[in-house]
Amino acid sequence: MPVDLVFFAAGLLALVLTTMAVARVAGVGLGWAPLVSLVRASAQLGVVALLLRGILTVPWTVLAFLALMLLTASWTAAGRLSELWHGRRAAVAGVLAGASVSLAMVLALRLVEPEPRYLVAVAGIVIGNAMSAATLSGRNFLRALRHRRDEVEAWLSLGATPSRAHLEIGRESVRESLLPNLDQTRSTGLVTLPGAFVGALFGGASPAVAAQFQLVVLAGIALAMVVTGVVVTRLLGRSPYVVPADEA
């Protein structure tokens, strides 16, 4: 193993061990999750790096790779919403809808060149954020539902449909899930230099081209997250059940 790689691995290990130590002292209760996550990410990125060598040279294989990303993102989000009524279905539908609409518009408007390397880069970021939106909006929906259980019961007692009874809770959940992304978008260039921009620079693009690519990514993320959040919460809002009293 090259010496540089050994130092790189040692540095990463130091970072994750520090993360675990701070979490332990603060009583956050993460356990071994940070280390396990990093090890898993390392293995997955290694496999992806090998796959991309072939994918980027054979265009049609990009579709298979995108399908794999969508499947993985949907499966992950579904697991996070499993305790909600039809939560798994809502998560899958949300991720697929959000990512598909966003990517379709990016390509239809020719905001990026329809080349495998650009498509994979944009799709990976958009799909990942659609997954996060499904999880955040779904979890926010559950928390709000528990806090506003009486409100839902009141709507239902007045003859409202489940969709109407949960409508405001769903809207609030989507707004809350979008706030971190909107804050990052507003502070881009002043507080943060997002990964797509930095990656494009490292790839040899000019600052202007890198900025254009980053703006496309930010706009695509916003659209994907809004569509995902709306689909997830509207489907969850069709539940004919109210959160049990012992969970409220």
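Is the shape of the stretch 1-42 rounded, prolate or oblate, going by the alpha carbon gyration tensor and its root eigenvalues a ≥ b ≥ c, with a/c under 1.5 for rounded and a/b larger than b/c for prolate?
Here the stretch 1-42 falls in the oblate category.
Once you have the Cα-Cα distance between ALA10 and LEU38, take 0.36 nm times their residue separation minus that, and quote the gain in nm to one decimal.
On the way: separation 28, 0.36 × 28 = 10.08 nm, distance 1.27 nm.
Separation in residues times 0.36 nm, less the Cα-Cα distance, equals 8.8 nm.
Show me 100-111, 221-232, 138-149, 16-27 ranked by packing, highest mean number of other Cβ atoms within 10 Å first.
Working: 100-111: 15.8, 221-232: 25.6, 138-149: 19.2, 16-27: 12.2.
Top to bottom by mean Cβ count within 10 Å: 221-232, 138-149, 100-111, 16-27.
Sort 166-173, 5-12 for me by packing, meaning the mean count of neighbouring Cβ atoms within 10 Å per residue, highest on top.
Values: 166-173: 20.2, 5-12: 10.6.
With the highest mean Cβ count within 10 Å placed first, the list reads 166-173, 5-12.
Measure off, as a whole percent, the carbon and sulfur share of the 1.4 Å-probe accessible area of the stretch 1-105, all protein chains present. Don't skip to the answer; put the middle values down first.
Values: 5270 of 7090 Å².
Accessible surface attributable to carbon and sulfur in the stretch 1-105 totals 74 percent.
Could you list the residues of the stretch 143-185 with an amide nitrogen less than 13 Å from a label point located 7 Å from the Cα of GLU83 in the Cα-to-C-beta direction?
143-147
Give me the orientation-averaged projected area of the Cα convex hull of the chain, in nm², one decimal. Display every interim value, and only then the final one.
Numbers: hull surface 66.0 nm².
It is 16.5 nm².
Count the net charge of all other residues whose Cβ sits under 12 Å from the Cβ of GLY94, scoring Lys and Arg as +1 and Asp and Glu as -1.
Numbers: positive: ARG80, ARG88, ARG89, ARG234; negative: none.
Summing Lys and Arg as +1 and Asp and Glu as -1 gives +4.
Could you tell me the largest-minus-smallest coordinate of the C-alpha atoms of the stretch 1-124 on each of the three principal axes, in descending order and whole angstroms?
49, 48, 22
Hey, what number do you get for the chain at 222 nm if only DSSP H runs of n ≥ 4 count, each worth -39500 (n - 2.57), divided across all residues, to the nearest 500? Don't skip to the answer; put the middle values down first.
Working: 10 runs with 193 residues, N = 248.
Roughly -26500 deg cm²/dmol at 222 nm, from the helical runs in the chain.
In nm, what is the difference between 0.36 nm times the number of residues separating GLN184 and VAL28 and their Cα-Cα distance?
53.7 nm
Using only alpha carbon pairs under 8 Å that are at least six residues apart, calculate the relative contact order of the stretch 62-105 and give it in whole percent.
Values: 22 pairs, mean separation 14.3, N = 44.
About 33 percent, as a whole number.
What is the distance in Å between the Cα centroid of the stretch 1-49 and that of the stretch 215-245?
Using only Cα atoms, the two centres lie 31 Å from each other.
I'd like to know how the stretch 100-196 sits against the 2.2 N^0.38 Å rule of thumb: what's its Cα Rg over that expected value?
Details: Rg = 18.2 Å, N = 97, 2.2 N^0.38 = 12.5 Å.
The stretch 100-196 yields a ratio of 1.45.
For the chain, what is the accessible area per residue in Å², given a 1.4 Å probe and the full set of protein chains? Mind showing how you got there, number by number?
On the way: 14610 Å² over 248 residues.
Heavy-atom SASA per residue in the chain reads 59 Å².
The values are calculated or read from the model by the stated rules, or taken from the named source; none is laboratory data. On a predicted model such as this, the values are computed, not experimentally measured, just so you know. Every residue, glycine among them, receives a Cβ derived from its backbone with ideal geometry; neighbour counts consider all protein chains shown. Areas reflect the complete protein model, heavy atoms only, side chains present, ligands, DNA and RNA absent. Shrake-Rupley method; radii C 1.70, N 1.55, O 1.52, S 1.80 Å.
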